[in-house]
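The values are calculated or read from the model by the stated rules, or taken from the named source; none is laboratory data. Quick caveat: nothing in here was measured; it's all calculated off a predicted structure. Please note: Cβ atoms are built from the backbone with ideal geometry, for glycine as well, and neighbour counts cover all protein chains shown. The protein model used for the area step is the full one, side chains on, heavy atoms only, and it has no ligands, DNA or RNA in it. Shrake-Rupley method; radii C 1.70, N 1.55, O 1.52, S 1.80 Å.
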Amino acid sequence: MSKTILIVDDSPTMIMSLRSTLEMNGFAVESASDGARALAMLEGGLRPHLIITDINMPNMGGLEFIRGARALPSCRFTPILTLTTESDPAKREESRRLGATGWLVKPLSGPDLVGVVRQVLPAAA
Amino acid sequence: MVFARPLHPRRWLAGALLLAAALAGAAVEGAWASAALICAAAAAFVLAQRPRPAPPPFIGPMKRRASDFLGFGGVTILGPADLPEPLREDIEATLPFLDTLRGQIDGVQQDVAQGVMAVVEQVEVVSRLSTGQRERIAHSLSGVSTMRAAVAVPGTIIARLSAMLAERDRMIAGNYQGLEQLAQEFHELRGAVDVISQVADKAFFLAVNASVEAHRHGEAGKAFGLIATEMRALATQTAEGARNVGQRINSFADRMQAQISAAMPGRNDAGTQEVARLMGELDAAQAEIAAISARLGELIAIMEAGHGDLVHSLSDILGRLQFEDVMRQRLGQVGDALGDLRALAAEAADGVDGRRSVRDLLEDQQRSYVMESQKVVHAVFGGGGEAPADMAAEAPVRRIELF
């Protein structure tokens, strides 16, 4: 059974390309266009094996989403990767403090992304 | 350093164009770098068009330092009420220009997003085709395995049938031996018939002798002569019957022997040899199917490897398409800044007091960057940034960091 990855990004093209990359590598994908929607999905019972989130998004950004997700018992140990254009070290440190598993910078090659996903996924299995 | 001269609106316009140049430069390289150069050239053209004008006759209380407005230092600007109408029109003319730039940015973003989506869709089509091809070949391999198993079952049945036929041949051979023995015994019966025939012949001769003797004794031997006559007739009949039986026995024994002889040579050929031939053909077919199966297995392995390579390449392509998101954010920021600049220009044209300066906008813009490359480009075009020593050589970005 394929593992489910939740993608949180406000860019439809990012969601589309990430979904395609992950699905052709054997993963199932759910997506949300901002942190608030993603949090609602998690509160609604979605149990992804991994979450990949952007940082700068409307409504609710990635950092606030990570904080909210970590507050949910079901997501306390779910790996969360950020995938962002953000280069501010302060935000990177903030994401680490909030419980992110890793910090990925766009553009990131598909094979690199899949490699990182496979590296962090066993912890969630 | 403060100049007591008013800032000519054309210099204001030049400042706005320089800011637009910096913003465009902060966007992606290529087309927007060209736009930056165009804006910078336009600014230079505006500055060259007219020498710095003489101070107007009146400098009102609303005058302010141009350094607050442009950040280029020390020039004082007139209040809006002091602006000559043609110059106000120049500032107002920048508004549709800035709107046009923002519209162009939106258009570029939409076109690139649509193009990227189309590429992703095509990548998905290629991926699906490859996956389908792989699944079809795997299905073929499954079919060959099924065929191989199906052929193997009759093979075992025929092997058992062959054993049964061999047993049957052994039984038939035994029966043939029994028949031959029976034929031999029939031939031996002929000897017994010959004895009967010889006895009958002797009885015939005895009857003839008895008849002669009876005739020689005259009337006294007459009754004996009748008996002798009857004995001779009986002996004749017995001899004829014995010969007839002997002939029949001979004929039957000969025909039986002929039938056995005719049947014996072919009794081992038809069944076993045909079954052996069929089994040989089946074995060859199974071997060929096994070879095909092995070749298909190798083909599957090659297809798997090829599919893996294809997925790797397609994933790489999809990853590279993330440039669109980077460009979207950079252009979006430029578009927003152009909107702020437009609002400021509109306020300047309308004479709104207490408005922010272009320097404020520039500093806000500088603070809003989220990418290192934006900061570098801003430093190159806008100046005053924290440009690295070698701005052309962008520092390598660490793209993966696991905590």
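Odds and ends about this structure:
- Residue within the range B:193-207 that is touching a Lys or Arg at 6+ places or on another chain (Cβ under 7 Å), open to solvent by 60 Å² or more (accessible area, probe 1.4 Å) and in the same structural domain as B:Arg277 (by TED's automatic domain parsing) present: yes
- Scanning the range A:1-52 for residues that are under 13 Å from the mean Cα position of the chain (by Cα), among the hydroxyl-bearing types (Ser, Thr, Tyr) and under 20 Å from B:Met117 (Cα atoms) turns up A:Ser31, A:Ser33.
Rundown of residues vs (1) at the interface with another protein chain (Cβ under 7 Å from one of its Cβ atoms); (2) more than 12 Å from the chain's Cα centre (by Cα), yes/no style:
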position: A:Pro79; (1), (2): no, no
position: A:Thr82; (1), (2): no, no
position: A:Glu86; (1), (2): yes, yes
position: A:Glu93; (1), (2): no, yes
position: A:Leu98; (1), (2): no, yes
position: A:Lys106; (1), (2): yes, yes
position: A:Pro111; (1), (2): yes, yes
position: A:Val114; (1), (2): yes, yes
position: A:Val117; (1), (2): no, no
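- First in the range B:350-372 and among the aromatic types (Phe, Trp, Tyr), second anywhere and surrounded by 13 or more Cβ atoms within 10 Å (Cβ to Cβ), Cβ under 7 Å, 6 or more apart: B:Tyr369/B:Lys375; B:Tyr369/B:His378
- Residues (in contact (Cβ under 8 Å) with a residue 40 or more places away in the chain and under 18 Å from A:Glu93 (Cα atoms)) located in the range A:58-71: A:Gly62, A:Phe65
- Exclusive hit being in contact with a helix residue (DSSP H, G or I) (Cβ under 6 Å, 6 or more places away or on another chain), assigned by TED's automatic domain parsing to the domain that holds B:Ser145 and among the polar types (S, T, N, Q), set B:Gln273, B:Gln257: B:Gln257
- Residue within the range B:325-332 that is more than 20 Å from B:Leu101 (Cα to Cα), surrounded by fewer than 17 Cβ atoms within 10 Å (Cβ to Cβ), at pLDDT 80 or above and of a type outside the set (A, V, I, L, M) present: no
- Failed condition for B:Gly297, given (1) closer than 30 Å to B:Asp99 by Cβ; (2) more than 10 Å from chain A (Cβ to nearest Cβ): (1)
- If you check B:Leu87, B:Leu70 for being surrounded by 13 or more Cβ atoms within 10 Å (Cβ to Cβ) and at pLDDT 65 or above, only one passes: B:Leu87.
- Within the range A:1-54, strands (runs of 3 or more DSSP E) holding 1 or more residues that are surrounded by fewer than 21 Cβ atoms within 10 Å (Cβ to Cβ): A:4-8, A:28-32
- Of the residues examined, B:Ala343 is not one that is within 32 Å of the chain's Cα centre (by Cα) and more than 13 Å from chain A (Cβ to nearest Cβ).
- Verdict on A:Ser33 being within 10 Å of another protein chain (Cβ to nearest Cβ) and within 27 Å of B:Glu124 (Cβ to Cβ): no
- Qualifying residue in the range B:211-222 (condition: in a helix (DSSP H, G or I), buried (at least 16 other Cβ atoms within 10 Å of the Cβ), in contact with a Lys or Arg (Cβ under 8 Å, 6 or more places away or on another chain) and hydrophobic (A, V, I, L, M, F, W, C)): yes
- A search for C-beta distances below 7 Å between a residue of the range B:208-223 that is in the same structural domain as B:Ala235 (by TED's automatic domain parsing) and any residue that is part of a helix (DSSP H, G or I) and open to solvent by 90 Å² or more (accessible area, probe 1.4 Å), counting only pairs 6+ apart in sequence or on different chains, returns B:Ala210/B:Phe224; B:Ala214/B:Lys222; B:Ala214/B:Phe224; B:Gly221/B:His215.
- Under the condition of being crowded, with 19+ Cβ neighbours inside 10 Å and more than 9 Å from every other protein chain (Cβ to nearest Cβ), the residues counted in the range B:103-129 number 1.
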